[in-house]
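The values are calculated or read from the model by the stated rules, or taken from the named source; none is laboratory data. This is a predicted model, so every value here is computed, not measured. Don't worry about glycine lacking a Cβ; one is built from the backbone with ideal geometry, like all the others, and counts go over all protein chains shown. Heads up: the accessible areas ignore ligands, DNA and RNA and are worked out on the full protein's heavy atoms, side chains in. Shrake-Rupley method; radii C 1.70, N 1.55, O 1.52, S 1.80 Å.
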Amino acid sequence: MNEEKLPPVVGSKSFIAVAINCAAKAGEWIKIKLGSVENLELKCSSADLVTEIDKGSEQLIKKLIRTHFPNHAFLGEEGVEPGAAASSKAIAETKDAEYLWIVDPIDGTTNFVHGFPFFCVSIALAYKGEVIVAVIYDPMKDELFVAERGKGAYVHGKRLVVSQDATLEQSLIATGFPADQIYALPLNMKSLQHIAPKVRNIRVSGSAALHMAYVAAGRLSGFWEMNLNSWDLAAGSLLIQEAGGMVTDIDGSHYTLEVRNIVASNGTIHSQFVDELQKSLQNSK
């Protein structure tokens, strides 16, 4: 998209500046609230949690965005009913908005609840279905990952570049344990069993958004997981693309906001990675 179709500024407010401000303020509040969860609720399973902190963070972000861009559409995790069907419906109904903010107020809520310091705020802005701004903020490490389409990806002002690992065998890969314990978790476990002997090692740290930021930063060479949502993936997808990597559906097709089964990599290993994941799914039938 050229700049005529994609204005980076509305009035005096830069999209990226607003996204950074929202993520920083929410992250600061989340960090203060660490260890003080009072109302813990379950969504689809015991692994799918929500707290009053998640809801408060989302409201804070939504209010700030609406202050600057009252006519923009907003899709936040806590405003959608639990389950894959509701998530798919929500993104289908909003993806064609001219400007759509896609927000995960705490990606890694289970980690947050247990005091495990691997969680983040994830904010993306899509223009007519294409992500153009991405911010992922890790308040525990004070790491702010930012990207604008066509302008690169950065952390602490340093440009991000994906890893140079040339093969799966050389690669450190990440995945997750999906909250859907009936369908997605068994499939992901099949893939994990298949992939583990073919890579250097695998990490499972509990935040898809941060895993994707780490792929962009070259700390991981790849990431995959089944049955994720647009708010888990949108910001990370742009970070990785702007850092020189690739993001696709698990079948290798082009990434869109509706993709739920994700494969992300440094690009070099992508074909091999997708091929092996496809073999694992064939073997599971």
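A few notes on this one:
- Sequence-distant aspartates and glutamates (8 or more away, or on other chains) whose Cα lies within less than 14 Å of residue 62: 54, 77, 78, 104
- Relative contact order %, segment 108-236, counting alpha carbon pairs below 8 Å whose residues are six or more apart: 29 percent
- Considering only alpha-carbon pairs that sit under 8 angstrom and 6 or more positions apart, the relative contact order computed for the chain is 17 percent.
- Per-pair calculated FRET efficiency, R0 = 35 Å: residue 271 and residue 71 via Cβ, rounded to 0.05: 0.25
- Accessible-area composition of the chain, carbon plus sulfur, in percent [1.4 Å probe]: 50 percent
- Remark: spin-label model distance residue 96-residue 164 equals 4.6 nm, labels positioned 7 Å along the Cα→Cβ axis.
- Rounded FRET efficiency, nearest 0.05, which uses the C-beta distance separating residue 86 from residue 59 and R0 of 25 Å: 0.80
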